[in-house]
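Enquirer: Can you read through this structure? Questions will come right after.
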There are 4 protein chains.
Amino acid sequence: MSLPAAFHDIAKRVNNWGRWGADDEIGTLNLITDEVVARAATEVRTGRRVPLALPLRQDGVQTGLIPGRVNPLHSMVQINQEIFGPGTVACSDDTVTMGLQAATHWDALTHVSHSGRLYNGRPAGTITPHGGAEFSGIDKARHVVSRGVLLDVARALGRDRLDGSHAVTPEDLEAAEELAGTRVRTGDIVLVRTGQVQVYLAGDREAYGYPSPGLSVRTPEWFHAREVAAVANDTLTFEIFPPEVEDLWLPVHALHLVEMGMLQGQNWNLEKLSTACGEEGRYAFLLSAMPEPFVGATGTPVAPVAIL
Amino acid sequence: MSLPAAFHDIAKRVNNWGRWGADDEIGTLNLITDEVVARAATEVRTGRRVPLALPLRQDGVQTGLIPGRVNPLHSMVQINQEIFGPGTVACSDDTVTMGLQAATHWDALTHVSHSGRLYNGRPAGTITPHGGAEFSGIDKARHVVSRGVLLDVARALGRDRLDGSHAVTPEDLEAAEELAGTRVRTGDIVLVRTGQVQVYLAGDREAYGYPSPGLSVRTPEWFHAREVAAVANDTLTFEIFPPEVEDLWLPVHALHLVEMGMLQGQNWNLEKLSTACGEEGRYAFLLSAMPEPFVGATGTPVAPVAIL
Amino acid sequence: MSLPAAFHDIAKRVNNWGRWGADDEIGTLNLITDEVVARAATEVRTGRRVPLALPLRQDGVQTGLIPGRVNPLHSMVQINQEIFGPGTVACSDDTVTMGLQAATHWDALTHVSHSGRLYNGRPAGTITPHGGAEFSGIDKARHVVSRGVLLDVARALGRDRLDGSHAVTPEDLEAAEELAGTRVRTGDIVLVRTGQVQVYLAGDREAYGYPSPGLSVRTPEWFHAREVAAVANDTLTFEIFPPEVEDLWLPVHALHLVEMGMLQGQNWNLEKLSTACGEEGRYAFLLSAMPEPFVGATGTPVAPVAIL
Amino acid sequence: MSLPAAFHDIAKRVNNWGRWGADDEIGTLNLITDEVVARAATEVRTGRRVPLALPLRQDGVQTGLIPGRVNPLHSMVQINQEIFGPGTVACSDDTVTMGLQAATHWDALTHVSHSGRLYNGRPAGTITPHGGAEFSGIDKARHVVSRGVLLDVARALGRDRLDGSHAVTPEDLEAAEELAGTRVRTGDIVLVRTGQVQVYLAGDREAYGYPSPGLSVRTPEWFHAREVAAVANDTLTFEIFPPEVEDLWLPVHALHLVEMGMLQGQNWNLEKLSTACGEEGRYAFLLSAMPEPFVGATGTPVAPVAIL
């Protein structure tokens, strides 16, 4: 079994291998130049900040479906410990164990491979238990700051949230772009709102995960044409799940991460951002979404903030 | 044994309990208003970004000296796993176990207590193994974005790095402020550079930790007067270690976190920022340093970025 | 609210505080003398060994109901790594994160407290995040080897497994003792079979946990009278759950661990042992059930073996 | 580079592939028959029990030398938590993160491979991040109970402990066997005492690890001839380290685990056992050393007990 011709056709059209040199490890993040960032900063008007991460806790979005992707287990190793003697200043310390893709996160470019290859044509075998990803580990994505644009598809389509069977199309993105009143351009980070995270926020972890609305296999070409630097949304699976084409699993992952070399993010809470953008009547902002630099990791928790 | 009168005198002068109401859990972060942030964004000129986190890895800054504060243990739980069958898109996943204060981090206000009290007068006993900090957990510090000012004390004093016995004084801060060419003001996040992190970067973890230059017990009053929102530096201990006053351990921690309710950060790599600020001839920038929202945690890894 | 008089009445009758001195930390394990062990070894006839631990895996018996009690997360940190150079002997290494009470385990005497007290009258506050249990940590139970007796209640009552509402009574234990053909005596470790673990083995983790048959609040007096050293069974909750008396939660835990100072074990797989004992027509054997000596821990995974 | 001819010569002489069938996953544990165990039980005379595990704690034997092999990090997730309401029975729970080979442990047969092969000729690639070892995971070694024989080489040679440069030879083993007054026979588990663990017990973790006395590359043939079932000792490296033959690293590991399919154990504390055997004048006993059944794991902590 291998991936269908339809997939390979799209792959060819969006492929960025070699575009930034044979040694490149960061893909479309190259599109975020200093100029892009300087211009992005001018989007800040009111200084209103909206954090986009879900709380990190044991009852997070994971349900055990994905092996090894464990919710954060937080534990105290010191509580008010007077380490220098009775009556001295007392310290509390804690630790965590978690799956790096368990909560609000970025996938590293190495999070998926297909046909034995990773981004920029590197062999899949360059990921090993000893050190993780030799190339394109999340630590290589040193800074992720740019203009953010909220494409509020749910609002643009007049829904609270999209149905589980709704594959977000380029046409949907353009409807949301029109609502946003700005054109997505080179180096932007696009946030696609489906409203699906409401299901988790309402307490139903099972239903949040599956079935889920998400990006259609047709969207990577749109992101490619617009020269987007990264994309995130408010679902567990990122792309429509179960998939549009029978037995073609995770094609959007493969196109974004492997072919385009474009970071993608999941489980972002875009509800308050939607409210804020609606209130302010603008959908562009400065976005800071810094990866924690886990060496060789294939993902990372992230605490993004939109600065309006 | 209890804390000396000299400590309590300072404590009285910098105390912020009740200043933002009896229910407040974030202390000086209240000083970062929307207006402060909007103005901070105007500091962005060139769009140059400097990340300030050390890589997260097993050979991080911890040496075993602080019980339970373990360096990040990263491990792969899936490598190129074709979860949907042979020939399908393959996934890699990983997990981490780490001390929340192990690497580049923010201390939550609850990281220390003294005399049985936490920030805003809450009992130390409100931190429990079940859920961690009931108040002022790091998840309460929802967004940490403001103007950042690098006070490059090492450079201002004409040194590569300060000696292990150098307690950074208010006079040192003002010398660095003069070099910076800007006055520290309400809501700023101040980064104090000692150069000590060079010792770690050169491979000597033991010598990095101790003895270490760091903030003098005289500096909290200066930060208080200037209405600083948060302070971070490039050492393991933050304050001079061993301490200036015999048997008065961690007084700066207690003044900042408990009395003032001011976030403090450690193990920030300020070397490249120092270079960038020197090159650009300016030491103020937009700083994004978002805490990962671990519920009830007393600290968090952070991946700060300075945007010049 | 406090525990009812009925509880305190039983507590008084089974209390062992001071019985082995004010400094004692191991309770009824004192009953396992060298003589008891020497005699227990004579129970070995055929040399047949039956292991009693459930496999340690991510899909273990925990369902997320008990906060922080996480199933084992096993991950490889090295796979066939030629650490001394190409062509040399290659090593594989792995790590685990798990709740110490997550799988087949012993509760330490400190696993529960009531009315502010632990076994031997020690204050509950002697358990701290820094170091765990100062007294009666599981590491103090240095060796747990004795005669084991299977009280196969399900078989004695002619059932495959007991109903979820079945509280195992002293009369049930005596029926099983009669089936066993041996009298429970000083220093024995008693294994009580309900058959409930079949539910987990059949794949239903939710139903395994609750409702569950288990020991009645009347059994501690029976174990006390017989001078039993430790008790384990094949359920998640050990005692009947929900409890016999409304709002009297975990009374058997409190009587065994706090009052008697008697180790108790849960999630033991007694199915194959039942088969073996049935086939051999005897229900006594040498049992080795060594705690892993986690310092200060309130529980431990255990891999018990019955040697017939 | 590949392993030298001298290694392959020995490998040929001790190889057990196919000896217990092509499907076998447990190697020399097959030698422990019911009869062997029944006879082993007759070694119990006084009932004295000697536990052989080092305490599991943060300051265990690991120093950071072996990547990912972390000492146990124990933390409390509940302390005296009244989960059913105020005044009810209160629970304490804890978790651990640790390297499976970090402390007193068994290596699984899959802990090493050489020339691309594992025990019984299986491909090294049958160990994957997803599930670990497909064959010969430590969970397959279901029960490890047999006659134990202490070969107290240090005592036999009249030393407190062997020098770091001492490779234990077959002649040394026979000297210790003579002291023991019993002949090692089919199915025995042999414990070889060098005394090296004293260095760790005295607090010097660095010196404990390296240089270290340990088994000579000549010993596997001796164990093979005697049909030993498993071997453990009181060192970190098991075999002499640095090795006897330059650039021939870990040959004993490869011979025992890959060629013979024989479990080996490290970091066993044999000091008190040496005392006990000396006092009782006998060096054979019943040994229970049950692996914790981590599914697919390449090692496991073990809490062995010698029953004299």
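Just so it is clear, none of the values below were taken in a lab; they were calculated from the coordinates. Source: prediction; values computed, not measured. Cβ placement follows ideal geometry from the backbone for every residue including glycine, while neighbour counts extend to all protein chains displayed.
Enquirer: Just to confirm my numbers, what's the Cα centroid distance between region C:54-119 and region A:293-307 in Å?
Expert: Their Cα centres are 27 Å away from one another.
Enquirer: Further question: Considering every pair of different Cα atoms, what Kirkwood radius, in Å, is found for the protein assembly as shown?
Expert: Working: mean 1/r = 0.0313 Å⁻¹.
Result for the protein assembly as shown, one decimal place: 31.9 Å.
Enquirer: Further question on the same structure: What FRET efficiency comes out for the pair C:D9/C:R159, r = Cβ-Cβ distance, R0 = 30 Å, nearest 0.05? Don't skip to the end; give the middle numbers.
Expert: Numbers: r = 31 Å, r/R0 = 1.05.
Once the sixth-power term is evaluated, E becomes 0.45.
Enquirer: Right, something else. Among D:224-230, D:134-140, how do they line up from the highest to the lowest mean number of other beta-carbon atoms within 10 Å? Let's see the in-between values first.
Expert: Values: D:224-230: 20.1, D:134-140: 23.1.
Put in order of decreasing packing, that is D:134-140, D:224-230.
Enquirer: For region B:262-275, in order, what is each residue's ³J(HN,Hα) by Karplus, 6.51 cos²θ - 1.76 cosθ + 1.60 with θ = phi - 60°, in whole Hz (x at glycine and Pro)?
Expert: 10, 4, 9, x, 10, 6, 7, 8, 9, 5, 6, 5, 4, 4
Enquirer: Here's another thing I want to ask about it. Calculate for the protein assembly as shown the 222 nm mean residue ellipticity that helices alone would give, adding -39,500 (n - 2.57) per DSSP H run of length 4 or more and normalising by residue count, nearest 500 deg cm²/dmol. Walk me through the numbers on the way to the answer.
Expert: Numbers: 32 runs with 244 residues, N = 1232.
-5000 deg cm²/dmol, from helical runs alone.
Enquirer: Continuing with the same structure: Out of the DSSP beta bridges found with both residues in region C:172-308, what percent are antiparallel (nearest 5)? Walk me through the numbers before you get to the answer.
Expert: Working: 4 of 12 bridges.
Taking every DSSP beta bridge with both residues in region C:172-308, the antiparallel ones total about 35 percent.
Enquirer: OK, next. Under the Karplus relation 6.51 cos²θ - 1.76 cosθ + 1.60, θ = phi - 60°, what is the ordered set of whole-Hz ³J(HN,Hα) values for region D:238-246, x standing for Gly and Pro?
Expert: After applying 6.51 cos²θ - 1.76 cosθ + 1.60, I find 6, 9, 3, 8, x, x, 5, 9, 4 Hz.
Enquirer: Distance check, please: which entries in A:K12/A:K140; B:K12/B:K272; C:K140/C:K272; C:K272/D:K272 exceed 27 angstrom between their Cα atoms?
Expert: Details: A:K12/A:K140 25 Å; B:K12/B:K272 37 Å; C:K140/C:K272 30 Å; C:K272/D:K272 35 Å.
Long pairs (Cα-Cα over 27 Å): B:K12/B:K272; C:K140/C:K272; C:K272/D:K272.
Enquirer: Moving on to the next point. Looking only at other chains, what is the average number of their beta-carbon atoms within 10 angstrom of each beta-carbon in B:280-287? Write down the numbers at each step before the final one.
Expert: Numbers: counts 0, 0, 0, 0, 0, 0, 7, 1.
Per-residue shielding by partner chains comes out at 1.
Enquirer: Under a Cβ-only charge scheme (Lys and Arg +1, Asp and Glu -1), can you give me the dipole magnitude of region D:66-187 about the Cα centre, in debye to the nearest 20?
Expert: Working: 11 positive and 14 negative charges, 83 e Å.
Its charge dipole is roughly 400 debye.
Enquirer: Pull up all non-local amide H partners of C:Q101: gap of 5 or more, or a different chain, and H-to-H distance under 5 Å with H placed in the peptide plane.
Expert: Hits under the 5 Å cutoff: D:D94.
Enquirer: If you don't mind, another one. Measuring label to label, 7 Å along Cα→Cβ, what does D:R159 give against each other copy in nm, shortest first?
Expert: Between copies, matching label points for D:R159 lie 4.9, 6.2, 7.6 nm apart.
Enquirer: Which percent, to the nearest 5, of DSSP beta bridges fully inside chain B are antiparallel? Before the final figure, lay out each step's value.
Expert: Values: 28 of 42 bridges.
The antiparallel fraction comes to roughly 65 percent.
Enquirer: Taking a label point 7 Å out from Cα toward Cβ, give me the nm distances from D:D23 to the same spot in the other copies, shortest first, one decimal.
Expert: 5.5, 5.6, 6.7
Enquirer: Moving to a separate point now. Measuring label to label, 7 Å along Cα→Cβ, what does C:G181 give against each other copy in nm, shortest first?
Expert: Result, one decimal in nm: 3.7, 9.0, 9.7.
Enquirer: Counting residues in chain C as N, plug N into 2.2 N^0.38 Å and put the Cα Rg over that result. The partial results should precede the final answer.
Expert: On the way: Rg = 19.6 Å, N = 308, 2.2 N^0.38 = 19.4 Å.
With N residues counted in chain C, Rg over 2.2 N^0.38 Å equals 1.01.
Enquirer: Amide H neighbours of C:L54 under 5 Å, counting only residues 5+ apart in sequence or on other chains, H built in-plane at 1.01 Å?
Expert: C:T104, C:N269
Enquirer: What is the distance in Å between the Cα centroid of region B:137-183 and that of region C:25-50?
Expert: When both Cα centres are located, 66 Å separates them.
Enquirer: Can you work out the Karplus-derived ³J(HN,Hα) for every residue in region C:61-74? Use 6.51 cos²θ - 1.76 cosθ + 1.60 with θ = phi - 60°, whole Hz, and x for glycine or proline.
Expert: Each residue's phi maps through the Karplus curve to give 6, 7, 10, x, 5, 9, x, x, 8, 8, 4, x, 9, 9 Hz.
Enquirer: Suppose we consider the axis relating copy D to copy A; can you name the residue of D with the nearest Cβ and state that distance in angstrom as an integer?
Expert: Spelled out as residue then distance in Å, it is D:S75, 2.
Enquirer: Taking amide hydrogens as modeled 1.01 Å from N in the peptide plane, which residues meet the under 5 Å criterion relative to A:G299, leaving out close sequence neighbours?
Expert: Under 5 Å from the amide H of A:G299: A:A108, A:I138.
Enquirer: Continuing with this model, one more query. Compute the distance in nm between two label points, each set 7 Å from the Cα along the Cα-to-Cβ direction, one at D:E244 and one at C:E244.
Expert: 6.5 nm
Enquirer: Next question. What average count of beta carbons from other chains do you get within 10 Å of the Cβ of residues in C:104-117? Let's see the in-between values first.
Expert: Values: counts 2, 0, 0, 3, 2, 0, 4, 6, 6, 8, 6, 3, 2, 0.
For this peptide, the per-residue mean of nearby foreign Cβ atoms is 3.
Enquirer: If you take each beta carbon of peptide B:2-10 and count the beta carbons of other chains within 10 angstrom, what is the mean?
Expert: Details: counts 3, 3, 0, 0, 0, 1, 0, 0, 0.
Per residue, the number of nearby Cβ atoms from other chains is 1 on average.
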